[in-house]
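Have a look at the structure below, then the notes.
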Amino acid sequence: MLRRAAALALIASLAGCGGEPPPPTPEETGVPDALVPAPKAPGAQGSAGIGTPMKERVATLGVLNKRNNLEQDFTMKPGESRRLGNLVVRLSACEKTAPWEKPEEEGAFVQVFVQERARSGDDAVWHKVFSGWLFKNSPALNVVEHPIYDVWVKSCAMSFPGEEDSPSDSASDNSEA
């Protein structure tokens, strides 16, 4: 009798396993409306007349989720925001030292928001965890301190007047004449 009951229980449990698993829930990638307006970056107005205009610059930011070791690059223009799960990264400015200035440095004014719950059962709310300049060659100057996410500058694409005509190009042109 006990064997029959065990066999029936086994058959019933296996019958429940016959269905396919539910599809994964889609991950939210839209930036929330409350986080859309981007403020002007402090200190970014000083070099507005030199080089590429701010709206045409392109920054590449690296984002790391430390929990699952997933890294993603965000390529953004100033004023844009990108979302990755419960993380929003907003780029306000992107700067690079002129080729004749030393030491060379690239930086971006970034704001980082994370959606977290204060306690289980509470609604998740957006918290600003970082707002400031991040630097490619001096990452220790300003760090995103968060237990799950890390954000850093990989590059800032912009050009300066006279950069297109390098001395080596003009020397090769003169030798051909």
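Could you give each residue of the range 132-144 its phi-based ³J(HN,Hα) in whole Hz, using Karplus coefficients 6.51, -1.76, 1.60 with θ = phi - 60°, and x for Gly or Pro?
x, 7, 10, 10, 5, 8, 9, x, 6, 5, 8, 10, 7
For Asn142, what residues show an amide H to amide H distance below 5 Å, using hydrogens built from the backbone and excluding near sequence neighbours?
Phe135
Could you name the lysines whose alpha carbon sits less than 30 Å from that of Lys66, not counting residues in the same chain fewer than 8 places away?
Those lysines meeting the cut-off are Lys40, Lys77, Lys96, Lys128, Lys136, Lys154.
Scan around Val58 for amide H atoms under 5 Å from its own, H built in the peptide plane at 1.01 Å from N, and keep only partners 5 or more places away or cross-chain.
Ala157
Per-residue HN-Hα couplings for the range 145-162, Karplus 6.51 cos²θ - 1.76 cosθ + 1.60 at θ = phi - 60°, whole Hz, x for Gly and Pro?
Rounded to whole hertz, the list is 9, 9, x, 10, 10, 10, 10, 8, 8, 9, 6, 9, 8, 7, 10, 10, x, x.
Net charge near Val88: determine it from the other residues with C-beta under 10 Å of the C-beta of Val88, scoring Lys and Arg +1 and Asp and Glu -1.
+4
Add +1 for every Lys or Arg and -1 for every Asp or Glu among the other residues with Cβ under 14 Å from the Cβ of Ile11, and state the total.
That sum, taken over residues with Cβ under 14 Å, equals +2.
Compute and list, largest first, the equivalent-ellipsoid semi-axes of the range 54-161 from the alpha carbon gyration tensor, each √(5λ) rounded to a whole angstrom.
The three semi-axes for the range 54-161 are 28, 14, 11 Å.
I need the phi-derived Karplus couplings for the range 89-103: 6.51 cos²θ - 1.76 cosθ + 1.60, θ = phi - 60°, integer Hz, Gly and Pro marked x.
Taking θ as phi minus 60°, the curve returns 10, 10, 9, 9, 7, 9, 9, 8, 5, 5, x, 8, 9, 10, x Hz for the range 89-103.
Between Lys154 and Ala118, how high is the FRET efficiency from 1/(1 + (r/R0)^6) when r is the Cβ-Cβ distance and R₀ = 45 Å? Nearest 0.05.
Computed FRET efficiency for Lys154 and Ala118 comes out at 0.85.
Computed from the coordinates by the stated procedures, all read-outs in this text should not be read as laboratory data. Remember, predicted model here, so these are calculated numbers, not experimental data. Using ideal geometry, Cβ is built from the backbone for each residue, glycine included, and neighbour counts are taken over all protein chains shown.
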